[in-house]
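Worksheet for the structure shown next.
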Amino acid sequence: MLDIKQIREQPQWVEDRLKRRGGKVDLSGFHASEARLREIRVETEKLQARRNEISTEIGRRKAAKQDITELFEEMKTLGPALKNLENQLRDQERLVEATLVVIPNLPEDSVPEGRDERDNVVLRYWPEEKSLAQHSFQPKPHWEIGEALGILDFEAGTQIAGARVTVLRGAGARLSRALINFMLDLHTGEHGYTEIMPPLLANDRTLFGTGQLPKFEEDLFACRDNPLFLIPTAEVPLTNLVADQILDEKQLPMQMTAWTTCFRREAGAAGKDTRGLIRQHQFDKVELVWITRPEESGAALERLTGHAEEVLKRLELPFRTVSLCAGDMGFSAAKTYDLEVWLPGQGCYREISSCSNTQAFQARRMKARFRRGGEKKTELVHTLNGSGVAVGRTLVAILENGQQADGSVVIPRALRPFMGGMEVITPLAV
RNA sequence: GGGGAGAUGGCCGAGCGGUUGAAGGCGGCACCCUGCUAAGGUGUUAUAUCCGUAAAGGGUAUCGAGGGUUCGAAUCCCUCUCUCCCCGCCA
């Protein structure tokens, strides 16, 4: 949510920034209804003040056994007028609010111009050169490797829950668990994060806080008999841990990490990435969240992104870091870096992590504030989130990068301690 | 699922329908006093928003949420949510 005061006081500036995201932007209607809102509010408060005055005076005179008919007379006209205004005020507030909450965040200055992913800017490759290890054979896509090894069972997933759901078996299941442990150990042990196990269910207020609602409800799995949704990312529960709070400056910055399963309808992605593990209704992810003071969120995004990159480096998975252009960023983001991992089986880079600074956008929605030492005023915190990293897609990357001519897959060295020392995945003995 | 109790400021805890944004205590902060680690005194201490160039000051809203009754609601009524206790069921 944007600062309504800022929209009012710097309308052109805000509009120009929104235009960078693409599409047409017209805030004139918003300005009109917002101005009307303030008019009504001032008028209402004037009448409320008078009503309170009269009520107090009635109490006073009653105690003193004085005449109050004149006051009752005034209330006879003021009462209904006020009631009418209060209703108008409420309606207008809802109108303005409804418009405000679907306006996306403003891109930060350093965000590249552009409309879609073709305009994203690659910042760096790892390893440094685009020196991808060449396979001496035709690399296969992970779904072929995984099925041949017996560790990915797409049919079983379909049987249990339909499309975009997969069963992992044996070393595949173990690999997934190992990745989770590896990532969590790295972030908690070396990067300073506190591990959290949050709920996988969230209410609408929570999903509003991080920006999934009201605009993107169709992306979420809802419960039929409870007003709850399955979380699409741990960003939702982690960030909302500071909702409605006034933190002490000393508590900042906060760094939290969590492994959760994530659930997404993928409503708009019909026919896209239908094969393999890339786009599932359910997947595991280790998430990184920062809560910071405003002046440190920019640097925090660099660090957070570095922490996600470190995961891939240790797993020896080639990747590149991309700065998303204004048109390709998510609703809540002011700036986003994506990590894209190299998938030789498909001959392309695929997103494996997305790290965003939302600045005060989410904080304003969830009323997450802090107070500086000695200050009376509260300020909104800045919130950041990033994958550290997506577990399912990492598993894909390991299969495709580690595959050998005989169909076996070499396990990255860093992961072996978490695999009971296993070095290579060979076909599952049935 | 059945029955009961409750939801007030950072915390604890008062609150006859009328100068209650809310007593009191704790904690926090500031100052004062005091020759020992400690104690005492005084004051101050909610959030949001509007008016005010700023400060001072003032208006409005907020006592779980939303409606309602009333000239006036933290106090009365209705609905919902949540918490706690007992019974049942269950991992």
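The values are calculated or read from the model by the stated rules, or taken from the named source; none is laboratory data. These figures come from a predicted structure and were not determined experimentally. Every residue, glycine as well, gets a Cβ built from its backbone with ideal geometry; the counts of neighbours run over all protein chains shown.
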What about residue A:227, is it at pLDDT 95 or above and within 21 Å of residue A:101 (Cα to Cα)? no
Is there a residue being within 21 Å of residue A:260 (Cα to Cα), in contact with a Lys or Arg (Cβ under 8 Å, 6 or more places away or on another chain) and crowded, with 17+ Cβ neighbours inside 10 Å anywhere in segment A:220-228? yes
Yes or no: segment A:23-40 includes at least one residue that is within 30 Å of residue A:1 (Cα to Cα), within 7 Å of RNA strand B (Cβ to nearest atom) and touching a residue at least 24 places away in the same chain (Cβ under 8 Å). no
Of all residues in segment A:53-65, how many are more than 6 Å from RNA strand B (Cβ to nearest atom) and either at pLDDT 80 or above or not assigned by TED's automatic domain parsing to the domain that holds residue A:79 (or both)? 3
Looking at segment A:131-147, I want the residues that are in contact (Cβ under 8 Å) with a residue 12 or more places away in the chain and over 12 Å from residue A:277 (Cα atoms) and have a partner that is part of a loop (DSSP other than H, G, I, E, B) and basic (Lys, Arg) with Cβ atoms under 9 Å, at least 6 apart or on another chain. Which pairs are those? none
For segment A:67-94: of the residues being among the polar types (S, T, N, Q), surrounded by 11 or more Cβ atoms within 10 Å (Cβ to Cβ) and more than 10 Å from RNA strand B (Cβ to nearest atom), which is farthest from residue A:33 (Cα to Cα)? A:84
Condition first: without any contact (Cβ under 8 Å) to a residue 24 or more places away in the chain, surrounded by 18 or more Cβ atoms within 10 Å (Cβ to Cβ) and under 18 Å from the mean Cα position of the chain (by Cα). Can you find one or more residues in segment A:199-214 that meet it? yes
Inside segment A:380-430, the number of residues satisfying the requirement of being small (Gly, Ala, Ser) and assigned to a helix (DSSP H, G or I) is 4
For segment A:385-430 the number of residues that are in contact with a Lys or Arg (Cβ under 9 Å, 6 or more places away or on another chain), crowded, with 24+ Cβ neighbours inside 10 Å and over 21 Å from residue A:345 (Cα atoms) is 2
